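Engineer: My questions all concern the structure below.
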Amino acid sequence: MPLSSVFHTASLRDQIAALGDEFAIEGNFLRHDVINSGHINMTFRAEYASHNGKVSRYIFQRINDAVFTRPRDVMHNVEKVTRHILWKMRRVIRPHEFQTLNLYAARGGRNYLELPGAGYWRCYNCIEHTHTYDVAETPQQAYEAAQAFGAFQELLCDMNPADIHETIPYFHHTRRRFDRLMEVARQNPKGRLESCARELEFVRAHESCVDVILDLLAQGEIPTRIVHNDTKINNVMLDEDTDLAVCVIDLDTVMPGSALYDFGDMVRTMTSPAAEDEEDLSKTFLRMPMFEAVTRGYLRSARGFITPKEADLLAFSGLLITLETGIRFLTDYLEGDVYFKTEREGHNLARARTQLKLVADMDARMEEMQACVRQIMHEHEQECPEGYEA
């Protein structure tokens with residue numbers, strides 16, 4: 001029976017089992033389980049027993065082509081990046097515990113399956129003996145995650161960004177995000193403007209921030225790099241015994257951009273103790289020990305390629321990406337909650353408020369944040385007096 005027919009008529013178990021044949025997985029299918037940690041793609045972990053009794057596990061994933069409307073471009077990027085990282089890992093000494101994501105070839109010669117009516121599927125190796133955290137609970141966890149994302153950028157810094165597709169156009173184009181918010185505010189399609197007037201005014205007061213990185217990229221003063229674009233701590237697999245970083249995952253948003261976007265999102269997601277939708281804003285603030293840990297971890301890996309101009313903007317990038325995220329939540333609230341999933345009335349407004357509260361705290365502590373970055377950079381310069389490679 002053709003695989004597309006299996007997906008329309010068979011049980012989920014039989015569907016997952018059939019995928020193994022398409023990706024030439026060795027052995028007999030035993031079982032599968034659903035991985036619910038992600039919010040976009042459908043992900044399954046499947047077990048197979050080889051002829052000698054060894055049990056191996058694999059990850060099957062269906063790409064959400066409603067979010068990623070150009071799934072072939074996504075897979076082009078993932079294939080390019082994983083192959084390059086593997087090539088580098090084979091030639092550069094790395095800690096033995098560090099692993100890489102690898103794609104398995106599918107029938108027809110591609111690294112993915114395109115099934116009419118059933119979407120786009122791929123198969124990864126399973127990164128064993130690891131776990132993830134949804135929130136950075138300790139500075140050490142933040143340090144490890146930041147070091148892993150820095151290493152990810154370092155492994156890709158010799159790739160040509162022109163070889164990677166922009167799968168979500170203008171993803172971090174903060175000027176476009178800002179202008180869209182102002183346009184929606186003028187239209188006020190759902191009559192919600194009055195309830196967020198204070199937040200809108202706060203964003204307007206920070207308009208001078210939105211073009212800083214965009215202008216520097218356009219002028220060539222900071223380089224365009226291949227970056228991850230989703231640097232939450234749960235996109236780093238950590239060793240289940242030691243909590244050391246093992247592998248960066250979720251590569252669907254890998255695109256050309258600025259390294260500062262990745263660092264800024266680490267600061268946004270790892271330095272505040274509050275949930276993203278916390279309504280008690282007193283719980284949302286910048287934890288300097290976490291900021292220091294993120295900075296130390298990132299620069300531990302990135303110090304060999306980051307430029308002085310990029311280093312000068314590390315603290316600012318945290319404020320910028322937090323502001324951008326607040327703008328996105330506020331825009332969606334005014335438009336009637338059409339993009340982000342919501343669970344209650346005013347959910348997106350609550351999310352916007354936590355982001356803008358964190359921006360305000362970063363504003364107040366920017367000199368302290370910048371001094372922290374300078375101190376860590378100085379320490380690295382003492383270790384490497386010959387300087388840094390641009």
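The values are calculated or read from the model by the stated rules, or taken from the named source; none is laboratory data. A quick note: this is a predicted structure, and the numbers were derived from the prediction, not measured. Positions of Cβ are generated from backbone atoms using ideal geometry, with glycine treated the same way; all protein chains shown enter the neighbour counts.
Engineer: Would you point out the residue of the range 261-295, among those that are buried (at least 24 other Cβ atoms within 10 Å of the Cβ) and charged (D, E, K, R), that is nearest to M362 (Cα to Cα)?
Structural biologist: R268
Engineer: Oh, and also: So S208 fits all but one of (1) out of contact with any strand residue (DSSP E or B) (no Cβ under 8 Å at 6 or more places or on another chain); (2) touching a residue at least 40 places away in the same chain (Cβ under 8 Å); what number is the exception?
Structural biologist: Status for S208: all satisfied but (2).
Here's the yes/no breakdown for (1) closer than 23 Å to T174 by Cβ; (2) surrounded by 24 or more Cβ atoms within 10 Å (Cβ to Cβ); (3) in contact (Cβ under 8 Å) with a residue 40 or more places away in the chain:
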{"position": "T224", "(1), (2), (3)": "yes, no, yes"}
{"position": "D239", "(1), (2), (3)": "no, no, yes"}
{"position": "D243", "(1), (2), (3)": "no, no, yes"}
{"position": "I249", "(1), (2), (3)": "no, no, yes"}
{"position": "A259", "(1), (2), (3)": "yes, yes, yes"}
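Engineer: Can you find a residue in the range 190-205 that is in contact with a strand residue (DSSP E or B) (Cβ under 8 Å, 6 or more places away or on another chain) and in contact (Cβ under 8 Å) with a residue 24 or more places away in the chain? Reasoning before the result, please.
Structural biologist: Here is the first cut: in the range 190-205, the ones in contact with a strand residue (DSSP E or B) (Cβ under 8 Å, 6 or more places away or on another chain) are none.
There is no residue in the range 190-205 that is in contact with a strand residue (DSSP E or B) (Cβ under 8 Å, 6 or more places away or on another chain) and in contact (Cβ under 8 Å) with a residue 24 or more places away in the chain.
Engineer: Kindly indicate the residue of the range 303-339 that is assigned to a loop (DSSP other than H, G, I, E, B) and surrounded by fewer than 20 Cβ atoms within 10 Å (Cβ to Cβ) and also nearest to the chain's Cα centre (by Cα) among those meeting that condition.
Structural biologist: Kept after step one, since they are assigned to a loop (DSSP other than H, G, I, E, B), are these residues of the range 303-339: 303-307, 313, 336-339.
Then keep just the ones that are surrounded by fewer than 20 Cβ atoms within 10 Å (Cβ to Cβ); that gives 304-305, 307, 336-339.
Working: G304: 22, F305: 20, T307: 22, G336: 26, D337: 22, V338: 22, Y339: 18 Å.
My answer is Y339.
Engineer: Select, from A311, A390, the only residue that is farther than 20 Å from R180 by Cβ and modelled with pLDDT of 95 or more. Before you say what the answer is, go through the steps one by one.
Structural biologist: On the way: A390 fails: modelled with pLDDT of 95 or more.
Exactly one residue qualifies, and that residue is A311.
Engineer: Also: Can you tell me which residues in the range 312-368 are among the hydrophobic types (A, V, I, L, M, F, W, C) and under 14 Å from T174 (Cα atoms)?
Structural biologist: The initial filter retains those residues of the range 312-368 that are among the hydrophobic types (A, V, I, L, M, F, W, C), namely 313-316, 319-321, 323, 327, 329-330, 334, 338, 340, 349-350, 352, 356, 358-360, 362, 364, 366.
Matches in the range 312-368: F316, L319, L320, I321, L323, I327, F329, L330.
Engineer: Name the single residue that is surrounded by the most Cβ atoms within 10 Å (Cβ to Cβ) among those in the range 123-152 being over 16 Å from the mean Cα position of the chain (by Cα) and closer than 25 Å to A105 by Cβ.
Structural biologist: In this case the residue turns out to be C123.
Engineer: Condition (residue is loosely packed, with under 13 Cβ neighbours inside 10 Å, in a helix (DSSP H, G or I) and out of contact with any strand residue (DSSP E or B) (no Cβ under 8 Å at 6 or more places or on another chain)) applied to the range 153-164: is it met by at least one residue?
Structural biologist: Within the range 153-164, the first condition is being loosely packed, with under 13 Cβ neighbours inside 10 Å, and the residues that meet it are 158, 160, 162.
Right, trim to in a helix (DSSP H, G or I) and you get 162.
Next cut, out of contact with any strand residue (DSSP E or B) (no Cβ under 8 Å at 6 or more places or on another chain) only: none.
No, the range 153-164 has no match at all.
Engineer: So which strands (runs of 3 or more DSSP E) are wholly in the range 187-301 and hold at least 3 residues that are within 19 Å of R176 (Cα to Cα) and assigned by TED's automatic domain parsing to the domain that holds M366? Break it down into steps so the answer makes sense when it comes.
Structural biologist: On the way: elements: 225-227, 236-239, 245-248, 255-257.
Correct list: 255-257.
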